[in-house]
There are 2 protein chains.
Amino acid sequence: MRFPSKLIEDAVNEFTKLPGIGRKTALRLVLHLLKEDVSITQEFGNAIIKMRQDIRFCEQCHNIADQELCSICEDTLRDKELICIVENIREVIAIENTEQYRGLYHILGGVISPIDGIGPDNLNIDSLMERVATGEVKEIIMALNPTMEGDTTIFYLSKKLREKGVKITTIARGVAFGGELEYVDGLTLARSIATRMPYDRYLSN
Amino acid sequence: MRFPSKLIEDAVNEFTKLPGIGRKTALRLVLHLLKEDVSITQEFGNAIIKMRQDIRFCEQCHNIADQELCSICEDTLRDKELICIVENIREVIAIENTEQYRGLYHILGGVISPIDGIGPDNLNIDSLMERVATGEVKEIIMALNPTMEGDTTIFYLSKKLREKGVKITTIARGVAFGGELEYVDGLTLARSIATRMPYDRYLSN
């Protein structure tokens, strides 16, 4: 696709660097910006440049932060004895939006995946061990994605953490609410029967 | 959806102002930029700000231009006796990409649409009449979208242009190449029979 202007072409090329945006979509976005006021584009461009330049990562949990500590670690009302281990910021946002969890987080920055060249040294594991070493943490919830790599990482972490005397749990896996049993994949269904729970406990939660 | 950082929230909000981008997609794009180097985001932001600030519109045909005249109007090899009237820049790019058309363009900036409050005065019609008045133009091709508004605009323009002694044509409408007759809409099919053309002429083009 050829463009009548170098400026347009540069802008389209920049948009196509984003995931899921092809040349046609990029052109649509650029022509949209052209129709709007100059100030709209300036605000857009400056907001993302500022975001990328000024963003910091929490020194404690590696979450996105505007200051030294993120808003979650700074919140004195949250339960500091509970740490939820997640892969990425995305999961923090998903869990926070449930408005049910009141503990802290620890962002690993990925999972152990030899095929992608990611080993334990590439993840935020040392800082996790330091947090546990303070003795304040009572329970660690593993909230990694239910994949082979996620399970490997949980296994690795649980071995390292067990000797510190901290309780380790994983998020419940099973049939989703609203799901129909006949459409659930076999592995999930089989595991949901194997790891069945007392109905009394289900009622009390 | 709540975000752990004001910077992230601002960036996400800016992305959602673009057409077809919701909050989840915006967050995905922002997190993608966060993973990449700071320079990537700076280049992206600056390219679109520069594009919006420096863009000019051709003084002759209203196409996007880097200078006074667009690259098409400046091209001395193009046929200046032929003007193709289009609604938007998008259509110029589509026609240019066919690499078949060697005349000039004139961008109306829309079509007559009373329901949207767009009348002839809101379109680039005066500058078209000025171009025709020079006497250089021999033929005007109407390449507007085949809608009610497009047809109204063609009718209006043809009345104004006819008295100037310029030849007026429209792009061929009919069954698309590769299309199957049974799936073509009735109006197109009926019109394609009513406006049938001599096979000899079809062969010679």
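Assorted remarks:
- A:ILE107 vs. criteria of a type in the set (Val, Ile, Thr), closer than 26 Å to B:LEU31 by Cα and open to solvent by 100 Å² or more (accessible area, probe 1.4 Å): no
Each row is one residue, and each column tells you yes or no for (1) among the hydroxyl-bearing types (Ser, Thr, Tyr); (2) open to solvent by less than 60 Å² (accessible area, probe 1.4 Å); (3) in contact with a Ser or Thr (Cβ under 9 Å, 6 or more places away or on another chain).
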{"site": "A:PHE3", "(1), (2), (3)": "no, yes, no"}
{"site": "A:LEU7", "(1), (2), (3)": "no, yes, no"}
{"site": "A:PRO19", "(1), (2), (3)": "no, yes, no"}
{"site": "A:LYS24", "(1), (2), (3)": "no, no, no"}
{"site": "A:LEU27", "(1), (2), (3)": "no, yes, no"}
{"site": "A:LEU31", "(1), (2), (3)": "no, yes, no"}
{"site": "A:GLU36", "(1), (2), (3)": "no, no, no"}
{"site": "A:SER39", "(1), (2), (3)": "yes, yes, no"}
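- Being under 30 Å from A:GLU74 (Cβ atoms), aliphatic (A, V, I, L, M), more than 8 Å from chain A (Cβ to nearest Cβ) and surrounded by 21 or more Cβ atoms within 10 Å (Cβ to Cβ) is true of B:VAL12.
- Yes/no for A:LEU34 being facing chain B (nearest Cβ under 7 Å), more than 25 Å from B:ASP37 (Cα to Cα) and either in a helix (DSSP H, G or I) or free of Cβ contacts under 8 Å to residues at least 12 places away in the same chain (or both): yes
- Leading residue by the ranking (most open to solvent (accessible area, probe 1.4 Å)) among those in region A:43-80 that are in a helix (DSSP H, G or I) and more than 30 Å from B:ILE49 (Cβ to Cβ): A:GLU74
- Flag if A:ILE107 is at the interface with another protein chain (Cβ under 8 Å from one of its Cβ atoms) and β-branched (Val, Ile, Thr): no
- Only one of the numbered conditions (1) among the hydrophobic types (A, V, I, L, M, F, W, C); (2) facing chain A (nearest Cβ under 7 Å); (3) in contact (Cβ under 8 Å) with a residue 40 or more places away in the chain is violated by B:VAL86, and that is (2).
- Of all residues in region B:48-69, those that are closer than 19 Å to B:LYS80 by Cβ and more than 7 Å from chain A (Cβ to nearest Cβ) have Cβ atoms under 8 Å from Cβ atoms of residues that are among the small types (Gly, Ala, Ser) and surrounded by fewer than 22 Cβ atoms within 10 Å (Cβ to Cβ), 6 or more apart or on another chain, in B:GLN60/B:SER127; B:HIS62/B:GLY109; B:HIS62/B:SER127.
- Top-ranked residue in region A:89-100 [being at negative phi and more than 7 Å from chain B (Cβ to nearest Cβ); ranked as farthest from the chain's Cα centre (by Cα)]: A:GLN100
The values are calculated or read from the model by the stated rules, or taken from the named source; none is laboratory data. Small disclaimer: the values here were computed from a predicted structure and weren't measured. Counting neighbours? That spans all protein chains shown, and the Cβs are built from the backbone with ideal geometry, glycine included. Heads up: the accessible areas ignore ligands, DNA and RNA and are worked out on the full protein's heavy atoms, side chains in. Shrake-Rupley method; radii C 1.70, N 1.55, O 1.52, S 1.80 Å.
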